[in-house]
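First the structure, in the form of structure tokens, and then the observations on it.
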Amino acid sequence: MFTRASRGTDGFEEFARAGQRRLYRTAYLLCGDADAARDLTQTTLAKLFQHWHRVRAADHPDAYARTVLTRTYIAERRRRLRDLLAHTPIAAPAPGVGPELTVTLLAALAELPPRARAMVVLRYWEDLSVETVAELLRCSPSTVKSQCSRSLATLRTRLGDACLYTTRS
């Protein structure tokens, strides 16, 4: 029978406890849904556990975890979108207007494509540099800049009057 030490999982529980909340917050911003964010966080932790020897050896395990989370989100969204396109006609999304700016912002974020949404969340919520986001998503820094610029313009358009709340002092 294997023990934890023999499988090389020493320290995983501590890492998971310390980083789970941060991973969940990022997952929630990516998914916009609490249940989906919990599922994404658990899937990410399962993948990290499976490859714990690599995570533990990494220079920045938190960055490694965030990379796994982001790539898992994008892969799942692509899979769902592919299934949706294969089985149902696409209808125009209803405009998301909520009583709170947070709800409105999450609805607008949900309308962005998965990769663009990931770039905006990583760049502006996680406050990562353009180069770091580009490395995480395996693209060029200019792609990150242009996608973030387009995504922010789209968010401004969709939010309309809600943007006024963020610019008033």
Q: Scan the stretch 30-50 residue by residue and report those that are within 15 Å of F15 (Cα to Cα), open to solvent by 50 Å² or more (accessible area, probe 1.4 Å) and in contact with a Phe, Trp or Tyr (Cβ under 9 Å, 6 or more places away or on another chain).
A: F49
Q: Could you grab the pairs with beta carbons closer than 6 Å, sequence gap of 6+ or different chains, first residue in the stretch 14-38 and within 18 Å of A116 (Cβ to Cβ), second one open to solvent by 70 Å² or more (accessible area, probe 1.4 Å) and part of a helix (DSSP H, G or I)?
A: L29/W125
Q: Can you give me the ranges of the helices (runs of 4 or more DSSP H) entirely in the stretch 109-169 with at least 1 residues that are under 22 Å from D33 (Cα atoms) and either at pLDDT 90 or above or not acidic (D, E) (or both)?
A: 114-120, 141-159, 162-167
Q: For D10, indicate whether it is at pLDDT below 90 and acidic (D, E).
A: yes
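The values are calculated or read from the model by the stated rules, or taken from the named source; none is laboratory data. Source: prediction; values computed, not measured. Please note: Cβ atoms are built from the backbone with ideal geometry, for glycine as well, and neighbour counts cover all protein chains shown. Heavy atoms of the whole protein, side chains included, go into the accessibility calculation; ligands, DNA and RNA do not. Shrake-Rupley method; radii C 1.70, N 1.55, O 1.52, S 1.80 Å.
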